[in-house]
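This report refers to the structure that appears directly beneath it.
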Amino acid sequence: MSTPLGKSARLSEAIARIPSGATVMVGGFGSPGTPFALLEELLTQGQRELTLIKNDANEPSVGIGPLIAAGRVRRLITSHIGLNPEAVERMNNDRLEVEIHPQGLLAEKIRCAGAGHYGFLTDIGVATEITARRQELVIDGQTWAIEPALTADFALIHADMADEIGNLRYRATAINFNPLMAMAANHVIAQTHQLLPAGALEPASVHTPAAFVDEVIDTPPETSERGLHIRVA
Amino acid sequence: MSPKHQRILRRAEREIVPGQVVNLGIGLPTGLFHYLPARGGVLLHSENGILGSQLLIDAGPPDLEMIDAGGTPISVMPGASVFDSAMSFALIRRGRIDLSFMGAFEVDSAGNLANWRIPGRFSPGIGGAMELAQKARRLVILCTHTDKRDAPKIVERCQLPLTAPRCVSRIITELAVMDVTSAGLRVAEIAEGTDIATLREQTGCELHIDPDHLGTF
């Protein structure tokens, strides 16, 4: 689209913007919502020393699994990696730094960054061992932990539909962290297999407004080899 | 599924009140999915962003973008909704989960719960456990009475890292239904075929039992 608002970009060029050492948010809860095409390109291009922020570590052979197995990831900020035994083993052998957060707090830290806040106060986890790494405030006799917002250099997003100016829509349980990460990161790259002209999406049906999105990549539909098969409604 | 697990799930299903919003934790509690009445009347919440999940019923290929928190493809009931992870946990933290079922490594007489980490052996992460345990209006633990090494799971004080303090309402094992009270654990029901001595022997804390007010299951 040859307008100043056009966000359509080429896969290789978009991913080439990510330097080694970058902090990258990746959408997905398990396979749904994981931006497989973007991750495969990142693996191909060879960037290393990455910090990834993702709900989980997928399984060893899909999503961020191959990046971890190839030693490209120095640090993972996440909630639960139990379904990737390779990642668990690397964590246990100190070959992968893993920072664990309660899932909802991780989501809220990202959302908060996307909303421009420093952070938020929570009573989740007060009186558990995660308290040790957090600052606390006592207000009116109640203890609250400070949870700083979590931002990133890049976000890799899986959208069900997008238009050429960067509006995004999600579906089913592929939503999960995508809308939050699409707000929080400095540079947002979204993949979709349904790239539509501007005007095809009803304004009230847009989940992520175009202003948050920097690049949209048109990719083929995900296939079952990636652990995912799109059922066309 | 083992007879122990079946007994626990059959009893657990009776905890659910029609009209409730319910969350099933990973592990044994997800087995409740199969015991829930097909007629509905319950809104099942899944932490990955669904309200209204139900057992997969379609004969056709599953929608692999519609999974539960454990990764299993599911169906949705009429009136289901999907939403992002911030919304999902807002629902939890705001106190809108009426009933949460979770497993346990340890539960103690004060209702403390340890089910996310065994130092040196099992530490894959937290997931939604802390938030669900702390904020569900009612938390029912479903677990075997002892672990694989025959050590009690029901103890005086949890030694493992806590998921949340003082969060458990009721514990259902294959031997007993126990309630957390200000005076410690009170046995509400004992499993048919189990005697009180055996129950006490396999429990790592005092149990308050009134033989005149003891049901069976």
| note | In order over the range A:9-16: 3J(HN,Hα) from phi, Karplus 6.51/-1.76/1.60, θ = phi - 60°, whole Hz, x for each Gly or Pro, gives 9, 8, 3, 5, 5, 4, 5, 5
| For residues of B:77-83, the mean tally of beta carbons on other chains within 10 Å | 2
| remark: Any lysines whose Cα falls less than 28 Å from that of A:Lys7, other than same-chain ones fewer than 8 residues away, would be A:Lys54, A:Lys109
| said: What's the ranking of B:136-149, A:162-175 by average number of surrounding C-beta atoms within 10 Å, highest first? | reply: A:162-175, B:136-149
| field | Estimated 222 nm signal from helices in chain B, with DSSP H stretches of n ≥ 4 weighted -39500 (n - 2.57), rounded to 500 | value | -4000 deg cm²/dmol
| query | Quick one: what does P(r) look like for the protein assembly as shown with 10 Å bins over all Cα pairs, in whole %? | reply | 4, 21, 29, 24, 14, 6, 2, 0, 0
| query | In terms of modelled amide H atoms, which long-range or inter-chain residues lie less than 5 Å from the amide H of B:Ala188? | reply | B:Val177, B:Met178, B:Asp179
| message | Taking beta carbons within 10 Å but only from partner chains, what does the mean come to for residues A:103-113? | response | 6
| remark: So, with points 7 Å from each Cα along the Cβ direction, the A:Thr131-B:Ala90 label distance in nm works out to 2.8 nm
| query | What number, rounded to the nearest 500 deg cm²/dmol, is the helix-based mean residue ellipticity at 222 nm of chain A, given -39500 (n - 2.57) per DSSP H run of at least four residues and division by all its residues? | reply | -5500 deg cm²/dmol
| query | When the Cα atoms of the range B:65-217 are enclosed in a convex hull and the volume is divided per residue, what value in Å³ results? | reply | 151 Å³
| field | Within chain A, percent of DSSP bridges classed antiparallel, to nearest 5 | value | 30 percent
| request: Please give the peptides A:141-148, B:23-30 ranked by average Cβ packing (other Cβ atoms within 10 Å per residue), highest first, as a rough proxy for protection. | output: B:23-30, A:141-148
| remark: Sequence order, the range A:101-112: Karplus ³J(HN,Hα) from phi using 6.51 cos²θ - 1.76 cosθ + 1.60, θ = phi - 60°, Hz rounded, Gly and Pro as x, gives 10, x, 4, x, 5, 4, 4, 6, 4, 6, 4, 4
| Cα radius of gyration and Dmax for the range A:128-205 (Å) | 18.2, 55
| Computed over chain A, the ratio Rg/Rh where both radii use C-alpha atoms and Rh is Kirkwood | 0.98
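Please order A:His117, B:His213 by the number of other Cβ within 10 Å, starting at the fewest. Could you put the intermediate results ahead of the total?
Working: A:His117 12, B:His213 9.
If I rank by nearby Cβ atoms, fewest first, I get B:His213, A:His117.
Every number in this text was worked out from the coordinates using simple rules, so none of it is lab data. It should be emphasised that the depicted structure is a prediction, and the values quoted were computed from it without experimental measurement. Here Cβ is always computed from backbone atoms with ideal geometry, including for glycine, and neighbour counts include all displayed protein chains.
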